[in-house]
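A short worksheet on the structure shown next.
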Amino acid sequence: MLDVDLHAALGEIVGFVGNVFANSRAKGIVVGLSGGIDSAVTASVCVKAIGPEKVTGLLLFEKKTVDSADHKDAKELARSLRIETVEFPIDEVFDSFLTNFPVKTKNRVTIGNLKARIRMASLYFIANAKNLLVAGTGDRSEDFIGYFTKYGDGGVDFLPIAHLYKTQVKNLGRHLGLPSQILSKPSSPNLWEGHKATDEIPLDYEILDLALVSLLDLKMQPKEAAATLGIDVEKLEEILRLYNASAHKRTYPPMARSW
């Protein structure tokens, strides 16, 4: 269900990125490098499309994570792709906002979403300053269940890999020759310490992807998909609930009248 012609898929994406860039008046593309698979594949296809000299990698880590494997992998990827990098530790901006904003909260998701939106603002600051396009790194698996921050990592100019499920993104990364430590690394938005995507999503990505294909691409009912995949029907119903509840993240805000 998830098999794709990786050579053809890469050609399609590289062509798409090239067309987006050619039809803009931008001088380059900026990608937020997290050290994970999605940003690594995104940066790699952008380099193939427009060349390394026109791609910038922005590293938006916290100071306490500058010695982390993610930071090391992001730097090494940039070196291997021969792209310029800019680093901006977000701690001071993040801490200042929490200290000075008049409304206080201890809600972990709210605070984590602030971090994602500071990263988005940072990407657009350098994009505006240098006339660059912001490349989105979201994939189909996470977009379908709303596992991204609205106007955070969801705030971008174009999405080169959003039509690919996570499993397919990993396979494409393998096809691109990305390092094994990036290919095998557990996904994490890094919004709090020890944050792993699999702590929040209903199923591990390999099973989640099969469930999404069954429910949304093949239009199976939850009971049918449960019987086919050997998954509890409650998990499949939860996936559909997340898909429907996150529809607002994938659409333009509602208006009183259309344009």
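Below, the figures for the structure above:
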read-out: Yes/no for ASP204 being at pLDDT 95 or above and charged (D, E, K, R); value: no
read-out: Residue pairs meeting the criteria (Cβ under 8 Å; at least 6 apart or on separate chains; first outside the structural domain of LYS170 (by TED's automatic domain parsing), in the range 45-72; second surrounded by 15 or more Cβ atoms within 10 Å (Cβ to Cβ)); value: none
read-out: Failed item, numbered, when PHE97 is tested on (1) in a helix (DSSP H, G or I); (2) crowded, with 18+ Cβ neighbours inside 10 Å; (3) in contact with a helix residue (DSSP H, G or I) (Cβ under 7 Å, 6 or more places away or on another chain); value: (2)
read-out: Exclusive hit being in contact (Cβ under 8 Å) with a residue 12 or more places away in the chain, in contact with a Lys or Arg (Cβ under 9 Å, 6 or more places away or on another chain) and buried (at least 18 other Cβ atoms within 10 Å of the Cβ), set LEU208, LEU215; value: LEU208
read-out: Pair list, Cβ < 8 Å and 6+ apart or interchain, from the range 1-29 residues that are touching a residue at least 40 places away in the same chain (Cβ under 8 Å) to residues that are among the hydroxyl-bearing types (Ser, Thr, Tyr); value: MET1/SER214; LEU2/TYR165; LEU2/THR167; GLY28/THR56; ILE29/THR56
read-out: Residue within the range 58-77 that is part of a strand (DSSP E or B) and crowded, with 18+ Cβ neighbours inside 10 Å present; value: yes
read-out: Count of residues meeting criterion [touching a Phe, Trp or Tyr at 6+ places or on another chain (Cβ under 9 Å) and surrounded by fewer than 20 Cβ atoms within 10 Å (Cβ to Cβ)] in the range 158-186; value: 1
read-out: Condition met for SER39 (farther than 30 Å from THR228 by Cα and surrounded by fewer than 18 Cβ atoms within 10 Å (Cβ to Cβ)); value: no
read-out: Filter result for the condition that a residue is modelled with pLDDT under 95 and in the same structural domain as VAL41 (by TED's automatic domain parsing), over VAL109, VAL93; value: VAL109
read-out: Options ASP70, ASP3; residue that is among the acidic types (Asp, Glu) and under 19 Å from the mean Cα position of the chain (by Cα); value: ASP70
read-out: Test for LEU210: is it farther than 28 Å from VAL20 by Cβ and part of a helix (DSSP H, G or I); value: yes
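The values are calculated or read from the model by the stated rules, or taken from the named source; none is laboratory data. Worth saying up front: this structure is predicted, and the values here are computed from it rather than measured. Glycine gets a Cβ as well: all are built from the backbone with ideal geometry, and neighbour counts include every protein chain shown.
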